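> Sharing a structure with you now.
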Amino acid sequence: MTGHPVRYREAGRGPASQVAGFLALPERTTKPRRRGVSHVLDNGMSLAEAELRLASAADSIDVWKFGWGTAYVDPALHAKLELLASHQVLACTGGTLLEVSWQQGVLGEFMDWAEGVGFPCIEVSCGSVAIPRDVKTEMIRSASSRFVVLSEIGLKDPEAAPSARQWGADAQADLEAGARWIVTEGRESGTVGLYDPAGEVRTEIVDAVVSAVGLENVLFEAPRRDQQAWLIRRYGANVNLGNIAPAEALSVETLRLGLRSDTMGTFPSYGEAPAKREESC
């Protein structure tokens, strides 16, 4: 072999892009970070599967949401919380669990339980239950003294007509109340809220929310590759993305770095996309 050998860092230390180092790639923030966050959705996976996912992608995962109410019934909850903490991944309750607790008049008990079992982060939402604006504001204020708060805006109802003005106002109110990130509703399907029924981005909603609170404070639920790529092309490698399938965390990292055709050439200073060919190579 000719030339200088590639020097590798110690295995298991840092993301693969830092291990090899021979490609010119866009700069990525590192954990703990506020920008460039990848938020994954745990839909009830086993402890063994969570261990495998984190073994390969922990450096690319910042927030791990126990979807809906799965945290309440997950028999491996305590072990998973310890595992996530050891990988510097924020464990977060799903917003639906908070909504059900409020609806049943046990919000205080929910907060005490979440803190007691070791959740550093909770989601405050009103996507399924009609929680009044002043009540949601007080929820965030109270919770932010005990947790990192992700506050979701938008409804889960596919028939609801989203208002860009309302989303912007809600985002601003939630941030002022103490939320660290404003989460834009997209569900695990990517066909409601921020997206139309075909999964296309509602750009007026995106613009309104970013204008209201600033890009670094927004976490876009984007479960689909085309949605992730759209947001990366628009806002760069360090846009905050949520509701990622844990198995796709590394795949999303390649999108961020322009190592997948969907975003290749997005960052001109790191190389242009190759010209289209008449025939495949």
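> Under the condition of being of a type in the set (D, E, K, R) and within 22 Å of residue 30 (Cα to Cα), which residue from the stretch 226-254 is surrounded by the most Cβ atoms within 10 Å (Cβ to Cβ)?
For the stretch 226-254, the residue satisfying everything is 253.
> Taking the stretch 126-169 on its own, how many of its residues are within 24 Å of residue 38 (Cβ to Cβ) and modelled with pLDDT of 95 or more?
11
> Looking only at the stretch 236-281, count every residue that is modelled with pLDDT under 55 and in a strand (DSSP E or B) and tell me the total.
Within the stretch 236-281, residues that are modelled with pLDDT under 55 and in a strand (DSSP E or B) number 0.
> Could you check residue 101 against (1) touching a helix residue (DSSP H, G or I) at 6+ places or on another chain (Cβ under 7 Å); (2) in contact (Cβ under 8 Å) with a residue 12 or more places away in the chain and say which number it fails?
It is condition (2) that residue 101 fails.
Okay, residues lined up against (1) crowded, with 18+ Cβ neighbours inside 10 Å; (2) closer than 17 Å to residue 67 by Cα; (3) over 16 Å from the mean Cα position of the chain (by Cα):
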| site | (1), (2), (3) |
| --- | --- |
| 183 | yes, yes, no |
| 192 | yes, yes, yes |
| 196 | no, no, yes |
| 200 | no, no, yes |
| 211 | no, no, yes |
| 215 | no, no, no |
| 220 | yes, yes, no |
| 223 | yes, yes, no |
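> Another question, then. Give the residue that is surrounded by the most Cβ atoms within 10 Å (Cβ to Cβ), with candidates limited to residues of the stretch 25-39 that are among the β-branched types (Val, Ile, Thr) and either over 11 Å from the mean Cα position of the chain (by Cα) or modelled with pLDDT under 95 (or both).
Here the answer is 29.
> Also: Checking residue 145 against (1) assigned to a helix (DSSP H, G or I); (2) more than 29 Å from residue 262 (Cα to Cα); (3) among the polar types (S, T, N, Q): exactly one of these is not met. Which one?
(1)
> May I ask you to list the residues in the stretch 47-70 that are aromatic (Phe, Trp, Tyr) and within 19 Å of residue 30 (Cβ to Cβ)?
64
> Continuing with this model, one more query. Hey, residue 79 hits all of (1) surrounded by 14 or more Cβ atoms within 10 Å (Cβ to Cβ); (2) more than 19 Å from residue 241 (Cβ to Cβ) but one; which does it fall short on?
(1)
The values are calculated or read from the model by the stated rules, or taken from the named source; none is laboratory data. Bear in mind the structure is a predicted one, so any value in this text is a computation, not a measurement. FYI the Cβ positions are ideal-geometry reconstructions off the backbone, even for glycines, and counts take in every protein chain you see.
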